[in-house]
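Structure first, commentary second.
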Amino acid sequence: MDESAKQKSVKLFAAVLIFVALANGLGGSILSNYFNEVYHITSVQRGFLEVPRESPGVLCMVLVAALGFMGNLWMSVVSNVMVLIGLSVMGLMSPSYGVMLIFLFIQSMGNHLFMPLNDSISMSLAEKGKEGATLGKFKSVTTTGAMAAACMVFVGFRTGIFSFQAKVIRPFMLGCVFSIVAIILLCVMSRYYKGEETVKNHRLLFRKQYMPYYMTTLAYGCQKRIRIVFAPWVVINLLEQGADTIALLTIAIHFIGSRVSPIIGRLLDRHGVKKMLWLEAGYIAVSFSTLGLIAGMLANGSLAKTGPQTWIVFAAYVFAVLFEQFGIVHSYMMRSIALDKSEVTRTLSVGISVDHIMAIIASPLLGLVWDRLGVQYVFYLAAASAVLQLAAAAMVKKQKV
């Protein structure tokens, strides 16, 4: 791929990431409110609902292995078509709970399939020696798109343009439009993007040399439950706030994140994987424990649900959810330890499957912990999982990454 084609590919892929983020922000990011307002589920049901929502992540490695002959770009097209199908049914047809689960699965499969493809394409477009900085910039682009979607969600629900009680769920349909744009841009990008490594064989790939990556994704699978399920549930269930409040908090998270992710990328190039894993583990332990303490006080009534003290909850929520910016460290580590560049996409897909096996196990269990033992213990257990990042850092040192 010559320099001109590469520059065009970078610009097109950045645009793709913006529209994918917009589609996800108007679809996947408001699903907790959708479940709560349309199906009126309990906290235990919310935990178990993550099984159909996250099981596509387990199948990700199988799908990447099966479709590997298509190459990363055309697999990305397939992933966005699946998102389009899922959102269109949920947005247009007001499905029953059982039917909704089927199309939630399809939409989620598309989202999860795109995850390893995103990282693999991003790294293939990076300038040598600046992989971390490139990942940080692409992450910033994604975060900016997500922030724009959150702004739309806030304005839409606050003004009444969006409603989960309407026959047509407009944010989902707007997400469909953005998915279509992303698909078109990927097709245009195929004219220029020639630098990918297609899968040489289609067997599932596990190597003991990649254990540090598997361990970090195992931890991340547990930790993501805080971002996706339980931190929002503190605001939705304990503070009794709607989609507009979640949207405002999401705007704040993405605004800060769009500035933090390039810094993490530069630190990654400068200090390496080991020190960044240490930093990530420390951040998770402190931020999750803080939110857990505050959530416990809300649940037992020692912290009021109204008044200026709610800003403490909001600040702790933002602080905890920002941990996701460290996700680029994991992809960078995989690229660093890869024995063959053609194995990167497959191994990233295996890592996502490991992540989601943990998600499927952890979500119902943490839901039960919330219900039986107390909300704070959900966050304390997730904080303890940072030990796996520390263990991975020790292994990375051994392997001289």
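The values are calculated or read from the model by the stated rules, or taken from the named source; none is laboratory data. Note that the coordinates shown come from a computational prediction; the quantities given were computed from them, not determined experimentally. Using ideal geometry, Cβ is built from the backbone for each residue, glycine included, and neighbour counts are taken over all protein chains shown. Note: areas computed on protein heavy atoms with side chains; ligands, DNA, RNA excluded. Shrake-Rupley method; radii C 1.70, N 1.55, O 1.52, S 1.80 Å.
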Original post:
Cα centroid distance between the stretch 305-352 and the stretch 105-134, in Å?
Top reply: 13 Å
**OP:** Give me the distance in nm between label points sitting 7 Å out from Cα along the Cα-to-Cβ direction at Ile41 and Lys130, one decimal.
**Re:** 4.3 nm
Original post:
In a Debye calculation with equal point scatterers on the alpha-carbon sites of the stretch 118-169 and no solvent, what is log10 I(q)/I(0) at q = 0.19, 0.20 Å⁻¹?
Top reply: -0.67, -0.70
Original post:
If only Cα atoms are counted, what is the Rg of the chain, and what is its Dmax, in Å?
Top reply: 20.0, 63
Original post:
Where in the chain are the helices, taken as whole DSSP H runs, whose Cα atoms extend 27 angstrom or more along the long axis and whose Kyte-Doolittle mean reaches at least 1.6?
Top reply: 72-92, 170-189
Original post:
Is the stretch 226-345 rounded, prolate or oblate when judged by the Cα gyration tensor, a ≥ b ≥ c being the square roots of its eigenvalues, rounded requiring a/c under 1.5 and prolate requiring a/b larger than b/c?
Top reply: prolate
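Decide, for the stretch 68-185, between rounded, prolate and oblate: order the square roots of the alpha carbon gyration tensor eigenvalues as a ≥ b ≥ c, take rounded if a/c falls under 1.5, and otherwise choose prolate if a/b is larger than b/c, else oblate. Walk me through the numbers on the way to the answer.
Details: a/c = 2.95, a/b = 1.56, b/c = 1.89.
Oblate.
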Original post:
What percentage of the solvent-accessible surface of the chain, computed with a 1.4 Å probe over protein heavy atoms, is contributed by carbon and sulfur atoms?
Top reply: 65 percent
Subject >> Sites Ser302 and Ser190 - FRET efficiency at Förster radius 60 Å, r taken between beta-carbons, to 0.05 >> reply: 0.55
Subject >> Inter-probe distance in nm under a simple model that places probes 7 Å from Cα toward Cβ, at Gln209 and Gln309 >> reply: 5.6 nm
**OP:** State the Cα centre-to-centre distance between the stretch 251-292 and the stretch 360-387 in whole Å.
**Re:** 22 Å
**OP:** At a 1.4 Å probe radius, which order do Ser96, Ser163, Ser331 fall into by accessible area, largest first?
**Re:** Ser96, Ser163, Ser331
Original post:
Which net charge results when you count Lys and Arg as +1 and Asp and Glu as -1 among the other residues whose beta-carbon is under 11 Å from that of Ser258?
Top reply: +3
Original post:
With every protein chain present, what is the per residue accessible area of the chain (1.4 Å probe, Å²)?
Top reply: 40 Å²
**OP:** Pull out a ≥ b ≥ c, the square roots of the eigenvalues of the alpha-carbon gyration tensor of the stretch 159-295, then state rounded if a/c is under 1.5, prolate if not and a/b is larger than b/c, and oblate in the remaining case.
**Re:** oblate
Subject >> Computed log₁₀ I(q)/I(0) - Debye formula, equal Cα scatterers, no solvent, the stretch 27-117, q 0.12 Å⁻¹ >> reply: -0.38
**OP:** Compute the length gained on full extension between Val62 and Ser96: take 0.36 nm times their separation in residues and subtract their Cα-Cα distance, giving the result in nm to one decimal.
**Re:** 9.3 nm
Subject >> 17 Å reach of a label modelled at Lys167, 7 Å along Cα-to-Cβ, counting backbone N of the stretch 82-96 >> reply: 89-96
Original post:
Looking at this model, which pairs from Lys8/Lys137; Lys128/Lys275; Lys130/Lys224; Lys137/Lys224; Lys6/Lys130; Lys11/Lys130 are more than 19 angstrom apart at the alpha-carbon?
Top reply: Lys128/Lys275; Lys130/Lys224; Lys137/Lys224
Original post:
Points 7 angstrom from Cα along the Cβ direction at Leu390 and Arg158: gap in nanometres?
Top reply: 4.2 nm
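For the chain, what does the relative contact order come out to in percent, with C-alpha contacts under 8 Å and a separation of six or more?
This gives 30 percent for the chain.
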